[in-house]
Amino acid sequence: MVFASYAGQAFMILGIILGVFAVIALLAFAIYRLSHPKLKQDDKPEESQIVNEELNRILKPIDDDELAKKVNEYEDKDE
């Protein structure tokens, strides 16, 4: 009997603590969402532009004129 009342109080205290933390977490989430609105879709660059920028960053330009001509001819054939 004594254990049952002690266990009930312990679960009540644990529930109160968890409830307080849940309220704090919800408030923090609400403040974050209000202070950091989502970015508009128009501000994001297109996927093709991102790919071109990454390729230009990684790939080296062709210095040899003959090789550049061959590459251009090969690209023209693919199109």
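Consider the stretch 1-32 and keep the residues that are of a type outside the set (A, V, I, L, M, F, W, C) and open to solvent by 100 Å² or more (accessible area, probe 1.4 Å). The one that is modelled with the highest pLDDT is Y32.
Of the residues making up the stretch 44-61, those that are open to solvent by 100 Å² or more (accessible area, probe 1.4 Å) and in a loop (DSSP other than H, G, I, E, B) are K44, E46, L59, K60, P61.
The values are calculated or read from the model by the stated rules, or taken from the named source; none is laboratory data. These numbers were taken from a predicted model, which means no experiment stands behind them. Ligands, DNA and RNA are excluded from the accessible area calculation, which covers all protein heavy atoms including side chains. Shrake-Rupley method; radii C 1.70, N 1.55, O 1.52, S 1.80 Å.
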